[in-house]
Amino acid sequence: MLGLELFATYPRPAGIEDHSWRVYGLPGQGLIGLLTDATTLQSYRVDPELGLVPAHAYSLPPGGRAELAFHPDGERLAVALDDGVYLLTPSSARLALEAPRLGGAPRAVLFDRSGELLFASFEDATGRSHASLLELRGPILEPIATVPLLGVEKSYHALSLHPSSELLVAQVACGQDGTWASFVEFRDRTATRVPASLDRPGEIFSVVGFAASGRWLAVLSAGQVQLLSWPALSRLAAVPPLSDGELFDWHACYLGERLVSTSHAPGTERHRLVVWDPDLRVEAVLAWEKRDQRYLLDLAGLPGDLLLALGDRRAGLLRLSAR
């Protein structure tokens with residue numbers, strides 16, 4: 001049996017709202033970003049001995065809630081705001097693509113592995129969702145392909161990549177209306193939505209993304225975690241929460257090939273963080289009470305079997321190790 005040991009803690013900055021207390025960046029590559037106030041993002045390199053080591057500070061453009069994506073070089077950022085997509089360095093910020101040229105206000109952004117392309121999802125004037133493939137041309141972004149996405153209007157968007165192929169996962173979620181996941185293949189400056197999809201109106205779920213092998217992806221709902229094969233999307237395994245009456249929360253991540261989830265029992269003080277092996281067998285459990293952390297807001301798996309958990313009161317850096 002493995003255990004999760006607390007390695008370091010970091011206070012939650014004052015004035016950061018719940019929806020903004022999140023892990024940005026490239027956690028699997030040991031680079032993350034956290035807001036230190038409403039307009040400043042601090043990036044950190046992950047050191048297995050020192051924990052989070054400050055790297056760069058960025059001044060975010062005004063404009064409300066922002067969605068962020070790190071460039072693979074670890075220094076540039078793409079920031080999605082209502083008026084368009086900005087490109088940032090530690091010393092500058094430039095509006096690289098106005099929302100009308102994109103087709104609507106961007107909802108999510110993500111660089112490809114080369115850093116030459118940026119994906120941006122948006123809703124058009126009719127409320128339909130799309131994903132655009134943008135090319136980085138010096139200080140500007142140029143749209144080169146756009147595909148429609150499944151979903152409904154006024155939704156939350158999230159983007160992720162397959163670990164080894166040119167495939168984008170675009171998730172569109174709208175509370176009780178349901179969740180949709182479209183898969184977009186991009187190559188040779190084109191983008192095409194592939195036939196495979198998760199089209200589940202009225203069903204609430206979250207796509208955790210692909211495992212490091214790329215052979216399957218995890219889908220999380222309140223009542224179960226499922227592993228789905230790729231590209232067939234057939235169910236490989238599924239597990240409920242560890243106890244009757246317990247529900248999964250919406251925060252999950254990968255730690256290498258392992259999956260990490262959180263759960264709680266409504267009306268009690270019991271909360272748990274669970275590490276699952278690739279066959280969804282329990283490898284480690286960490287329990288806590290509300291007087292310590294009332295709830296978690298985000299999770300990120302980091303190199304060196306480190307796990308960063310953002311709670312309502314502070315962030316905890318945990319290490320997975322043999323007991």
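With respect to being among the hydrophobic types (A, V, I, L, M, F, W, C), surrounded by fewer than 18 Cβ atoms within 10 Å (Cβ to Cβ) and either closer than 24 Å to residue 183 by Cα or touching a Phe, Trp or Tyr at 6+ places or on another chain (Cβ under 6 Å) (or both), residue 233 fits the description. Note on the range 238-256: residues that are farther than 22 Å from residue 21 by Cβ and either crowded, with 16+ Cβ neighbours inside 10 Å or at pLDDT 95 or above (or both) amount to 5.
Is it the case that some residue within the range 76-98 is in contact with a strand residue (DSSP E or B) (Cβ under 9 Å, 6 or more places away or on another chain), over 19 Å from residue 132 (Cβ atoms) and among the acidic types (Asp, Glu)? Checked against the condition, which is being in contact with a strand residue (DSSP E or B) (Cβ under 9 Å, 6 or more places away or on another chain), over 19 Å from residue 132 (Cβ atoms) and among the acidic types (Asp, Glu), the range 76-98 yields no hits at all.
Taken as a whole, the condition of being surrounded by fewer than 17 Cβ atoms within 10 Å (Cβ to Cβ) and touching a Leu at 6+ places or on another chain (Cβ under 6 Å) applies to residue 39.
In the set (1) crowded, with 21+ Cβ neighbours inside 10 Å; (2) under 20 Å from residue 26 (Cα atoms); (3) of a type outside the set (A, V, I, L, M, F, W, C), residue 112 fails one condition alone, (1).
Cβ-Cβ distances below 6 Å connect the following pairs, each with a first residue in the range 122-149 that is at positive phi, a second residue that is outside any strand (DSSP E or B), and a separation of six or more residues or different chains: 127/153. Every condition in (1) over 16 Å from the mean Cα position of the chain (by Cα); (2) within 30 Å of residue 5 (Cα to Cα); (3) surrounded by 15 or more Cβ atoms within 10 Å (Cβ to Cβ) is met by residue 102 except one, and the failing one is (2).
Of all residues in the range 187-211, those that are part of a strand (DSSP E or B) have Cβ atoms under 6 Å from Cβ atoms of residues that are at pLDDT below 90, 6 or more apart or on another chain, in 200/178; 201/178; 206/250. Do we find a residue being on the phi > 0 side of the Ramachandran plot, outside the structural domain of residue 168 (by TED's automatic domain parsing) and loosely packed, with under 15 Cβ neighbours inside 10 Å anywhere in the range 270-277? There is no residue in the range 270-277 that is on the phi > 0 side of the Ramachandran plot, outside the structural domain of residue 168 (by TED's automatic domain parsing) and loosely packed, with under 15 Cβ neighbours inside 10 Å. Could you check residue 126 against (1) touching a Cys at 6+ places or on another chain (Cβ under 9 Å); (2) over 28 Å from residue 162 (Cα atoms); (3) of a type in the set (Val, Ile, Thr) and say which number it fails? Single failed check for residue 126: (1).
The numbered conditions (1) in contact with a helix residue (DSSP H, G or I) (Cβ under 8 Å, 6 or more places away or on another chain); (2) farther than 18 Å from residue 300 by Cβ; (3) buried (at least 20 other Cβ atoms within 10 Å of the Cβ); (4) not small (Gly, Ala, Ser) are all true for residue 204 except (3).
The values are calculated or read from the model by the stated rules, or taken from the named source; none is laboratory data. On a predicted model such as this, the values are computed, not experimentally measured, just so you know. Every residue, glycine among them, receives a Cβ derived from its backbone with ideal geometry; neighbour counts consider all protein chains shown.
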